[in-house]
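Read through the structure below, which is laid out as structure tokens, and then see the notes.
The values are calculated or read from the model by the stated rules, or taken from the named source; none is laboratory data. Quantities reported herein were computed from a predicted structural model and do not represent experimental measurements. Here the Cβ positions follow ideal geometry from the backbone for every residue, glycine too, while neighbour counts run over all protein chains shown.
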Amino acid sequence: MADKETAAPKPEVHEFKAEMKQLLHLIIHSLYTHEEIFLRELISNASDALNKIRFRMLTDRDVLDADADQLIDIKLDKEANTLTLSDSGIGMSREDLLGRIGTVASSGTLEFVKELKKDGGPVDASLIGQFGVGFYSAFMVADTITIETRHADKDSVGLRWTSDGGGSFTIEETERENRGTTITLHLKEDKTEFAEEWRVKNIIRKYSNFVDFPVHVEGERVNTVDAVWHKSKSDVTKEELNEFYKFVSADSDDALGHLQVSIEGMISFKALLFIPKKAPRGLYSEEYRYGVHLYSSKVFIQDDAKDLLPDWARFVKGVVDTEDLPLNVSREVTQNSPVIAKIKKVLTTKILGLLKEWAADDPEKFSTFSREFGPLFKSGLQWEFEHRDEMIELFRFESSVKEEDESTGFEQYVDRMQPEQKDIYYVLADSRASALRNPNMEYFKANDMEVLLMTEPVDAFIMPGIPKYKDHDLTSIEKADLKLDKKDRKGAKSLAKKDAKKLIDRFKEVLGDRVEDVRASERLVDSAATLVTGSTGMDAQTERMMRMMDENFESGKKVLEINTAHPLIRNLASLGDAEMVERSVLQLYDGAHLLEGTLENPADFVKRMTAFMEASTGASTQTGEDE
């Protein structure tokens, strides 16, 4: 009789409701993309419990185990195939187990499911919202889960909650003495990897490295890197920044520079962003993954967080942490939210501000940025509208008056313009050398006028979108309608207008519809002829780019300009041999194409050149024989 009176009470058995079974099945089987997420969820819950006791003890230390170490401890047993996670947090009461663990009906989940059922709709995980059901993700890897817990109140009792994730769970009292919670996962037969120390440590470093409390695995602390973005700027050392950058970027070098942001207001977030010294491999490939990680209250949510930055800033590494982010029930994918757009807007402005500061105060650092990331940065102009003017101010190009390793911007160019000069002149080319060899440069060289050398492929795409800089037109030196002052061209005497017109008409007759027009040139000094862009054409570099992208691309007609002061042109004007004039015209035309890299039939060009050489050497030999 006495034995019956002292026997422990039987565990209370509680049935899950039908709707709860449906939702639980959804959580276990189809909600999470990666099974390893369960550990992040359990650690996050443990961290929340520790934060609650820490907050309570600020004003009330009359709690159970007031001096207990605040940490999260994980034990693994490969033989028993279990994972056990313990915390010294605030613990749970019977009401907590029934209301928070025994059901996920809090925050209206059941009501939501009922509404879906009433409307005949499916239970879609992406629509549920934030209901704090991460604990149940553990059933993805466990057959049975046991919770041992005791609340921080001194008059609390120890409790054990057990369930196999099916139709019911049990609750019973225990002799537990310590405050906090211990969760034991009895892993499924095919989930033994989660009893492996290396596997568990890797998951913690990926998802939970920055939680507020130490996380130990078999007695060893795993989360050893501080969440430095939560510190004030003045408290963060250079060594911490370098260590953290290498942690988030896997780069062996220090960063070129960093940006720390802390915003409080309509939206609140913290960010620590870095610009690398060198462009990472694969930066321009479609498969390249963004380097900004998204956190919510120091818990990892997403890497490759491309919605937080504009595409031109994909090289930026670092973290963004916000509590304002609405997440779906699995905390894996952010819902469409104005919060993301607002964070992106702030970060874009801050990054541009940093680059502007470098351009003004640290030219060497900004030069490194332009060299490594300039092309990608420029490409953003095609989609950036709000910050367009700020970006253009930061564009850099080579210049005809600068050394090869120097660059300049539009503002600096304007400061160096000649007093009477109105336009900013540029030339598109595939290299500095080819730009400087361009015959259309001759006028500008002769008159000490600066030309921007746009040698990056992206320049060909952005320049049509930048017609002006402040009050100055941006003008290609290859435009046919270029307005140039008539200046001295080394004292050379041009053909008389009558003779020039006659020769130009002959050029037009020979070339026919191959060209848009033939004109006397005011830009040539040393060369006999050049091709310039007609009214419907593109400059040579843009045409090359278009041809690379589309093999069926057809070039527009060009305007051929001839230097009527050049000896060859003057000789042609007085030459009576019509056949020789025709061949010379064709050779000059093809030669102009050769110089700009667009000669389509080099065989004819070489054949004609050989004929000229043969005639020249034959005449020379004949003269020698006569003598």
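Structure above, values below:
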quantity	calculated
Breaking point among (1) hydrophobic (A, V, I, L, M, F, W, C); (2) exposed (fewer than 14 other Cβ atoms within 10 Å of the Cβ); (3) within 24 Å of Leu294 (Cα to Cα), for Val346	(2)
Residues within region 194-252 that are touching a residue at least 40 places away in the same chain (Cβ under 8 Å), more than 16 Å from Asp321 (Cα to Cα) and of a type in the set (A, V, I, L, M, F, W, C), tallied	8
Residue in region 509-524 that is in the same structural domain as Gly409 (by TED's automatic domain parsing), part of a loop (DSSP other than H, G, I, E, B) and within 22 Å of Ile569 (Cα to Cα) present	no
Matching residues, region 277-301, being out of contact with any strand residue (DSSP E or B) (no Cβ under 7 Å at 6 or more places or on another chain) and among the basic types (Lys, Arg)	Lys277, Lys278, Arg281, Arg289
Residue list for region 166-186, restricted to those being surrounded by fewer than 20 Cβ atoms within 10 Å (Cβ to Cβ) and either of a type in the set (Asp, Glu) or in a loop (DSSP other than H, G, I, E, B) (or both)	Gly166, Gly167, Glu172, Glu173, Glu175, Arg176, Glu177, Asn178
Neighbours by Cβ (under 8 Å, 6+ apart or cross-chain): first from region 7-18, at negative phi; second exposed (fewer than 14 other Cβ atoms within 10 Å of the Cβ) and modelled with pLDDT under 65	none
Unique match (being closer than 27 Å to Glu189 by Cα and modelled with pLDDT of 90 or more) among Asp65, Asp155, Asp87	Asp87
Positions within region 384-411 being surrounded by 14 or more Cβ atoms within 10 Å (Cβ to Cβ), over 26 Å from the mean Cα position of the chain (by Cα) and not in a loop (DSSP other than H, G, I, E, B), in sequence order	Ser399
Residue within region 479-492 that is loosely packed, with under 15 Cβ neighbours inside 10 Å, modelled with pLDDT of 90 or more and not assigned by TED's automatic domain parsing to the domain that holds His566 present	no
Single residue of region 224-254 satisfying the filter (small (Gly, Ala, Ser) and more than 15 Å from His293 (Cβ to Cβ)) that is surrounded by the most Cβ atoms within 10 Å (Cβ to Cβ)	Ser232
Residue count, region 187-216 (criterion: within 19 Å of Phe300 (Cα to Cα) and not in a helix (DSSP H, G or I))	9
Some residue of region 261-281 being outside any loop (DSSP other than H, G, I, E, B), under 21 Å from the mean Cα position of the chain (by Cα) and within 30 Å of Phe139 (Cβ to Cβ)	no
Checking Asp321 against (1) over 25 Å from Phe366 (Cα atoms); (2) at pLDDT 90 or above; (3) out of contact with any Lys or Arg (no Cβ under 7 Å at 6 or more places or on another chain), the condition it does not meet	(3)
